Structures are given as C-alpha cells and as structure tokens.
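Here is the structure we will look at.
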Amino acid sequence: MYILQNKSQLNSFVNSIRDQSLVSFRFSPKPTKLKELVSRCLGFNTYAGIISNLPIDMEEFDYTFPKLLSDVLMAQPYGLRVDYKTMKIIYDNAIENCAYWDDERALMSLHMATFGM
C-alpha cells in the first residue's frame, strides 16, 4: 500500500514526475501547471483540494492516473507523444520514491484521517 500522507510527499511525487518527464520526453512542465494536472488526474479540482484530502491511498489510481495524464499531455499543445506504458513506469517510480509504504502504519494513518483522530 502506497500512501501520500503530507504535502511534502505530494510535492516530491509531482517533482519526480517532472524529473522523469524531462528524461523520458525531454519535456519539463512548469511546476504549478504540473501540480494542477496531477490534481485533476487524481480526481480533485485543484492542488489545494488534493492537499486538504491527504492522506491518499495511491493504489486506487494505478490505472487511471497514468491513462489520464497521458491523455492530457497528448491533448496539450506540446506536441508530445506519450504512451500509457511509459507514463505507468513514471507513475510507479514516483510512488515508490515518494509515498509512505509501510502497510500497517499507512492503514492506521488512513483510519485516523477518516475518523478525525
């Protein structure tokens, strides 16, 4: 289980995607633009919206996030050729590098957040 627990981990996640996009596609979006794109691909309207809903279990986005981000980047006027497989690798790497992965503590964190503890 991979959990983004706080704003620092979320920022690291976004920065990891940005760094890997530069290597994979020679594309480096502005950080604020990428934060908003990532927020929308995770189902939130704004970056502030995602921050207010932390912690987030990232496993539920394993398929949808890479697909949505690929679609958004291809639709933008950047002229990028982005495929799902590459974006899935970028997503998985960003998760492993930035999310909290201790199953027991992650579940406890979600439980505490859900019940306002």
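The table below gives the values:
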| read-out | value |
| --- | --- |
| Fully extended contour minus Cα-Cα distance, from Phe25 to Arg81, at 0.36 nm per residue | 19.4 nm |
| Accessible area (Å², per residue) of segment 1-57, counting only protein heavy atoms and a probe of 1.4 Å | 50 |
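The values are calculated or read from the model by the stated rules, or taken from the named source; none is laboratory data. Bear in mind the structure is a predicted one, so any value in this text is a computation, not a measurement. All accessible areas refer to the heavy atoms of the entire protein, side chains included, with ligands and DNA or RNA removed. Shrake-Rupley method; radii C 1.70, N 1.55, O 1.52, S 1.80 Å.
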